[in-house]
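To keep things clear, I will list the structure first and then write my remarks on it.
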Amino acid sequence: MPKAVEMRHIRKFFPSSGVLACDDVNLSVEKGEIHAIVGENGAGKTTLMSILYGLVQPDEGQILIDEKPVRISHPNEAIHSGIGMVHQHFKLVPSFTIAENIMLGIEPNKAGFINSTTEAETVRKLADSFGLPINPNARIADISVGMQQRVEILKTLQRNAQILILDEPTAVLTPQEVHELYNVIRKLAQGGRTILLITHKLLEVKDVADRVSVMRRGRLIGTHNVADVSIRDMANMMVGREVILQVEKKPAQPGDIVLKAENLLVAGSGGVPAVFGATLEVRAGEIVGIAGVSGNGQTEFIEAIAGMRPVEGGNISLLGTDITHRKVRDRRNTGMAHIPEDRMTMGLNLLTNLDENVAVTRYQEEPYSKAGFLQFSAIRSFAQKIIKDYQVKSARVGEEIKTLSGGNLQKVVLGRELDGNPKFIIANQPTRGLDVGSIEFVHKTLVEARDKGSAILLVSVELDEILSLSDRIIVMFDGRIMGVLDIKDANEQDIGILMAGGSLEKDHPAQEKA
Amino acid sequence: MIDFLTNNARKIRLTLIIAGILIGLLLFIGLPVILVQSSIRLATPYILGALAAMVASRAGVLNLAIDGKMLLGAFIAVVVLYKTGYNPIVGVVAASISGGMLGLVFAVLYLRIKINLIILAIALNLFVANATVFFMRVSFGAFGTLADPSISGLPTIQLPIISSIPILNERLSGYNIVVYIGWVMIAVVWLILFRTRFGRHIRAVGENREAAESVGINVTLVQVFALTLSGALAGIAGSFLSIGVLSQFVENMTAGRGWTAITVSLFAFQQPIAAFFTSLFFGLSEAISLYLQGQPGINIPPDLLLAAPQVAALIALVLVAVRIRAAELLKRRNFATHFGQELANLKRAVLERN
Amino acid sequence: MIINRLRRLVENITIPVLAVILGLLASVFFVALANADPIQTYRNLFCEGFGPQGCETFSDLVIIRVEQEDGTSQSFFSPFYGENGHSLAIVIERATILILTALSATVAFKAGMFSIGMDGQLVLGALTAVFLGVWLPKQIYALAGVPDADSAPEALRTIMHLIVPLICILAAMTVGAFYSWIAGFLKVKLNVNELISTIILNSIATQVAIWLIAFPLRSPDPNSTPRTDRIDDTAWLIPFNRVLLPDVEWLEGARVGIGIVFALIALVVIGIYLYRTTAGYEQRMTRGSRLFARFGGIPSDRAAIRAMLISGALSGLAGAIQILGVDRRVVGEFASVGYGFDGVLVAILARESIAGILLVACFYAGLQQGATNLQFGNLPRQLGGIIIAFIILFNSMENFFRSNIARLQSRIRPNRGQAAPESASGATS
């Protein structure tokens, strides 16, 4: 089989965030195949594809298209080399018609004037030739998300793309639309086009791809025939087996129910539910871990509980108080603390100093303010206490915090959130991007909080982290809770099956979708 | 209420448009000729200014420097005619070139040097307002007003066929060329925006910059062109104020018309044809206000009439915002009912199975 | 830590100072076009703007030599010397309203609201003050059964001197706050762009003001220009220099009164509000990052509305002070002078710093003052506006300057790195 794409020794380092997104990646894709690239968020798969599409320049490495070396420094050059990309967030103009969007930038014109009838006709012919019926005169704002995706695909085909990159194409689709998309992809591949599918949904890989490459932390772990690997194998490759330092902890002594969420319904992007009927309980003195491949509703679930996202159905109660539609401040006053996934924009305000950052959750309470006036001495000594207790290095009271490293920033967040023994702690990816020392510190701190009686809800894409910290494990898939396991009975295999949408009673992954 | 408004949005819009046109026609025929004529004249700077604001907005740049570009156009038109004594049409061309050049400067300062858009506009307006008066005094020794018999005003034009039709002749014919340029520009801008490649690229850049970039459109270039065109239109609008009325330049003669033009374009929701009617509405209120000032017997406050179109514009903006908010709420409610139902069905099915 | 703070201070000052210098340099072009000597012009500009009477050279701005009656000459420190008046006194008069409107703009900006509605709020505030300043005393006299102001008992007038201006000011602040609230409410509840709504609200206020001045509030006194009645003497915030300090020559020609005290108090109060209170903290965090504010449980919407209310109240106060302390009546042109807009410019130039506002307001007022008096020479006062426009442009080129400096540095650095790798390693080991 001739090779459609070869990427050799690709390396990309982002100095601003200090992330090595691609580390000596070698990828080879055969002509006419559907090649899936899987990996967690931040594994480097999107960066790799951005390099191929000319959006990002690699530090090192070589790209070959149709076995000829090419330089792709701009998307225009990628398009010229026959590469098309369908982005996760569609790049369409909502008020334009389908035809106008497909022909944008390559409009047939006479002296600058566009003939919209020929345009619509061209698009109709194109769509018919690929068996993808559309109405060229419908406006993008009026059509479904699935149809919009079809427009994006046609847009690349009109530009004569032979290699199609699809970035998380099913993230916003309904099950029926997913099914149609599979048919389209298969048809295009049969027609000799090469499909590169970026995803972290393993079921999807099994359904539609020929071969799969697994990425983890910037490295390409391996390429396999899909027929030869099981979903569980892929999940294991994705999550990795690197041993995280063992967390010393006593068995949990769960107390009363602290948090209760029932039948939660939360909207995702594109009008599809991100969380569909999830129910959960967290007791005092236990850590409940939510496992799952990222993008299966964990973030939305957590944000709904934290008050950062509206709840459309079901209810949440914290310490017996109904907080379903309460503001963040009320939740915090009831006893909630939140370590957010995104500490740079949500957890901290990098434009101000340490004092103002640690004050945000308690500036209204004494002694941090009196009669509406901030008490800087109290705030400063609190900041000082965090610096000392949480070993925040190179931080100084009153200084801007944007110079601190990721680990130290996270320690600031931890200190602010965990101080004062909150009754309920949400910890979303608490160790993402941290060095080993900081990870150990975060784990120890969370276990200490548990032993002091806090109820902790933990989300992590690192399965090992879930396994070593949690007392109970909940597995989410496609917005639903697939199962609840006690840590004594939990093993990676079972979790892997649940994470892939399977059930423990049956052997094969079942698709129980509504 | 929300449901009704959302479901019948198109019908409501159509009804409003038809009602508007009918009222417009009635006013056009029913009002005294003088009022119709002065409304049309007074609407001209708004038409051109609103088109200028529109071209920039459509390209995704809020152009708050319209007033400065208008003022510059007004000044340059007079200066060129004063220095050369050429045909006044040269003044209009010079005004549009000067406006276009200021638009280009605006584009470069905003896109290359990346000065904050609003601060930049404020600084440019301030600069033009002061520089025009400065030169008027320094180079021409004029105080407050720059006028000279050598500056010829724009002649009036009798339209060939219309001038022989009874009712229409005095209402549609006999204005100076900039009035007609304004009308033609409505069509031209409409054609550019909706029928040419350039216009489509402008709209794509303004609506979804990333979509335009992803297909290889040079966003910066499109914005530079749009801002230059916007400046040229504003310059023509300015020339109407100076050589289209009294053939003189008066200190700060735009009197905030550039800002009003921005309001007009917002009121017209960036549609050229709507901008024509909105401008006429603003022109009419100004004309009535002037008319009333000359009628000592009538006791209607003329200045409040000038506020009326502004109030209407604000109300229109608020109504649109309400509609957007209502649509969001409706979407959320539909989501909750639809999937809530589905969830309940699923639960029941599970219970029945057990 | 002190060194860091000092460095930041120097950094914050460098670019504005650079902008002023560049602005003055760029304006030389215009001076030259007018066939005037730039140095002479700037000398006059600054002397007229900031110097004492008789200031002729730049050095006179600091030390001025004055011929005594007996023929000897004596040196004075210029800012303290002011026989027959000092320009700084007029600068103070003019800066009062600038400080208040700039604070108004700053409070709004610091909540992430780009409101430029100061003009409308100020004009409506001024009209409220003038209406009450005329109407309220009349009512009080009528209640007390006094036919006119002159025959009112002294005790009543003393009380009124205290109460009437206070009521006028509070009412003006309320009106300004309400007008500003409209834009804030529309932004928070309906996401209507506050910049656009304040532009429209300004035009509406201007038209309404022109109407009020021309009709309901017009002085019956048969003069040709539309203007309101003069406020009653009891509503007048009498300038210090006329009553308390009549012998201070330094203040001659200016109307410096309680207004500047209000402005300075407002500076301190707003400074404390923004940086020392929980409410100010809330609005600053809201502007910094909405997501962070929401995450921390800060009521962002309430903070934004509160900021708009305070901003409007300050503009209303500015309008009231201008009327009660300086103009004493509203004339037809008042609505279109654009005091509020000057405040926006001052706030932008001061980069929303409280101390900066005080400096910039005085500088701006002095420049206006100096430019106005240039007119008696050959140059129009518009030179002042041109200079300010240039300064604003240069002042906002910060990013451009910074990136160019960074580029220069990176161009120099690699060479240096190659030249001295040994010494660098030697230093670390």
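Residues in region A:309-329 that are over 20 Å from B:L343 (Cα atoms) and of a type in the set (A, V, I, L, M, F, W, C) were compared, and the one that is farthest from the other protein chains (Cβ to nearest Cβ) is A:L319. Whether any residue in region B:184-198 is modelled with pLDDT of 90 or more, within 7 Å of another protein chain (Cβ to nearest Cβ) and part of a loop (DSSP other than H, G, I, E, B) is what I want to check. Checked region B:184-198: no residue is modelled with pLDDT of 90 or more, within 7 Å of another protein chain (Cβ to nearest Cβ) and part of a loop (DSSP other than H, G, I, E, B).
Of all residues in region A:122-133, how many are farther than 18 Å from A:E107 by Cα and either modelled with pLDDT of 90 or more or assigned to a helix (DSSP H, G or I) (or both)?
2
If only residues of region A:299-316 that are in contact (Cβ under 8 Å) with a residue 60 or more places away in the chain and open to solvent by less than 10 Å² (accessible area, probe 1.4 Å) are counted, the one that is nearest to A:H338 (Cα to Cα) is A:A306.
Out of A:P133, A:P108, A:P94, I need the residue that is surrounded by fewer than 19 Cβ atoms within 10 Å (Cβ to Cβ) and under 19 Å from A:I185 (Cβ atoms). Which one?
That would be A:P133, the only listed residue that is surrounded by fewer than 19 Cβ atoms within 10 Å (Cβ to Cβ) and under 19 Å from A:I185 (Cβ atoms).
When region A:1-34 is filtered for residues that are among the basic types (K, R), over 21 Å from A:D59 (Cα atoms) and modelled with pLDDT of 90 or more, only A:K31 remains. Where strands (runs of 3 or more DSSP E) sit wholly within region A:31-102, those with at least 3 residues that are touching a strand residue (DSSP E or B) at 6+ places or on another chain (Cβ under 7 Å) and either more than 23 Å from A:M1 (Cα to Cα) or away from chain B (no Cβ under 14 Å) (or both) occupy A:34-38, A:60-65. Quick check on region B:109-127. Is at least one of its residues in contact with a helix residue (DSSP H, G or I) (Cβ under 9 Å, 6 or more places away or on another chain), of a type in the set (F, W, Y) and under 16 Å from B:A74 (Cβ atoms)? The answer is yes; a qualifying residue exists. With the condition kept exactly as written, say whether any residue in region C:302-310 is touching a helix residue (DSSP H, G or I) at 6+ places or on another chain (Cβ under 7 Å), part of a helix (DSSP H, G or I) and facing chain A (nearest Cβ under 10 Å). Among the residues of region C:302-310, not one is touching a helix residue (DSSP H, G or I) at 6+ places or on another chain (Cβ under 7 Å), part of a helix (DSSP H, G or I) and facing chain A (nearest Cβ under 10 Å), which makes the answer no. Residues in region B:111-135 that are in contact with an Asp or Glu (Cβ under 7 Å, 6 or more places away or on another chain) and at the interface with chain C (Cβ under 8 Å from one of its Cβ atoms): B:V133 only. Within region C:173-192, does at least one residue satisfy the condition of being outside any helix (DSSP H, G or I) and within 20 Å of B:V320 (Cα to Cα)? Yes, the conditions are met somewhere in region C:173-192. Cβ-Cβ contacts under 7 Å between residues 6 or more apart (or on different chains), taken from a first residue in region A:468-496 that is among the polar types (S, T, N, Q) to a second residue that is open to solvent by less than 20 Å² (accessible area, probe 1.4 Å) and in a strand (DSSP E or B), are listed as A:S470/A:I287; A:S470/A:V288; A:S470/A:G289; A:S470/A:L458.
Residues that are away from chain A (no Cβ under 12 Å) and not hydroxyl-bearing (S, T, Y): does region C:292-300 have at least one? No: region C:292-300 contains no residue that is away from chain A (no Cβ under 12 Å) and not hydroxyl-bearing (S, T, Y). Residue pairs whose Cβ atoms lie under 8 Å apart, separated by 6 or more positions or on different chains, with the first residue in region A:146-171 and within 14 Å of chain B (Cβ to nearest Cβ) and the second assigned to a loop (DSSP other than H, G, I, E, B) and of a type in the set (S, T, N, Q), are A:D167/A:Q88. Scanning region C:300-338 for residues that are modelled with pLDDT of 90 or more and either touching a His at 6+ places or on another chain (Cβ under 7 Å) or charged (D, E, K, R) (or both) yields a total of 3.
Could you pull out the residue among C:A318, C:A279, C:A304 that is of a type in the set (G, A, S), open to solvent by less than 70 Å² (accessible area, probe 1.4 Å) and within 25 Å of C:C168 (Cβ to Cβ)?
Working: C:A279 fails: within 25 Å of C:C168 (Cβ to Cβ); C:A304 fails: within 25 Å of C:C168 (Cβ to Cβ).
It is C:A318.
Filtering A:G406, A:G433, A:G420, A:G437 for residues that are over 30 Å from A:V293 (Cα atoms) and either open to solvent by 80 Å² or more (accessible area, probe 1.4 Å) or at pLDDT below 90 (or both) leaves a single hit, A:G420. Filtered by the rule that a residue be of a type in the set (A, V, I, L, M, F, W, C) and not in a helix (DSSP H, G or I), region C:342-364 gives a lone residue, C:A350. Counting only helices (runs of 4 or more DSSP H) that sit wholly inside region B:30-149, those with at least 3 residues that are in contact with a Pro (Cβ under 9 Å, 6 or more places away or on another chain) are B:33-58, B:66-84, B:117-140. Comparison of C:I90, C:I39 shows that the only residue that is open to solvent by 20 Å² or more (accessible area, probe 1.4 Å) and touching a residue at least 60 places away in the same chain (Cβ under 8 Å) is C:I90. Evaluate region A:173-194: report whether one residue or more is touching a Lys or Arg at 6+ places or on another chain (Cβ under 6 Å) and at pLDDT 90 or above. Scanning region A:173-194 turns up at least one residue that is touching a Lys or Arg at 6+ places or on another chain (Cβ under 6 Å) and at pLDDT 90 or above. Residues in region B:316-352 that are at the interface with chain C (Cβ under 10 Å from one of its Cβ atoms) and over 15 Å from B:A9 (Cβ atoms): B:L317, B:V318.
Within region B:229-270, the set of residues being surrounded by fewer than 21 Cβ atoms within 10 Å (Cβ to Cβ) and not hydrophobic (A, V, I, L, M, F, W, C) comprises B:Q248, B:E251, B:N252, B:G256, B:Q270.
If you filter region A:277-298 down to residues that are within 14 Å of another protein chain (Cβ to nearest Cβ) and open to solvent by 10 Å² or more (accessible area, probe 1.4 Å), you find that the one that is nearest to A:P430 (Cα to Cα) is A:T279. Once region B:204-216 is narrowed to residues that are charged (D, E, K, R) and within 7 Å of chain A (Cβ to nearest Cβ), the residue that is most open to solvent (accessible area, probe 1.4 Å) is B:E210. When region B:99-110 is filtered for residues that are open to solvent by less than 30 Å² (accessible area, probe 1.4 Å) and either away from chain C (no Cβ under 11 Å) or in contact (Cβ under 8 Å) with a residue 24 or more places away in the chain (or both), the ones remaining, listed by number, are B:G99, B:G100, B:L102, B:G103, B:F106, B:A107.
So is B:A74 crowded, with 24+ Cβ neighbours inside 10 Å and either within 30 Å of C:S403 (Cα to Cα) or among the basic types (K, R) (or both) or not? For B:A74, the condition - crowded, with 24+ Cβ neighbours inside 10 Å and either within 30 Å of C:S403 (Cα to Cα) or among the basic types (K, R) (or both) - is not met.
Residue pairs whose Cβ atoms lie under 6 Å apart, separated by 6 or more positions or on different chains, with the first residue in region B:125-148 and in contact (Cβ under 8 Å) with a residue 60 or more places away in the chain and the second open to solvent by 40 Å² or more (accessible area, probe 1.4 Å) and of a type in the set (D, E, K, R), are B:V133/B:E251; B:G144/B:E251. Within the set C:L33, C:L22, the sole residue that is in contact with a helix residue (DSSP H, G or I) (Cβ under 6 Å, 6 or more places away or on another chain) and within 14 Å of chain B (Cβ to nearest Cβ) turns out to be C:L22.
The values are calculated or read from the model by the stated rules, or taken from the named source; none is laboratory data. Being a predicted model, the structure only gives us computed values, none of them experimental. Cβ coordinates were reconstructed from backbone atoms using ideal geometry, including for glycine residues, and neighbour counts include every protein chain displayed. The protein model used for the area step is the full one, side chains on, heavy atoms only, and it has no ligands, DNA or RNA in it. Shrake-Rupley method; radii C 1.70, N 1.55, O 1.52, S 1.80 Å.
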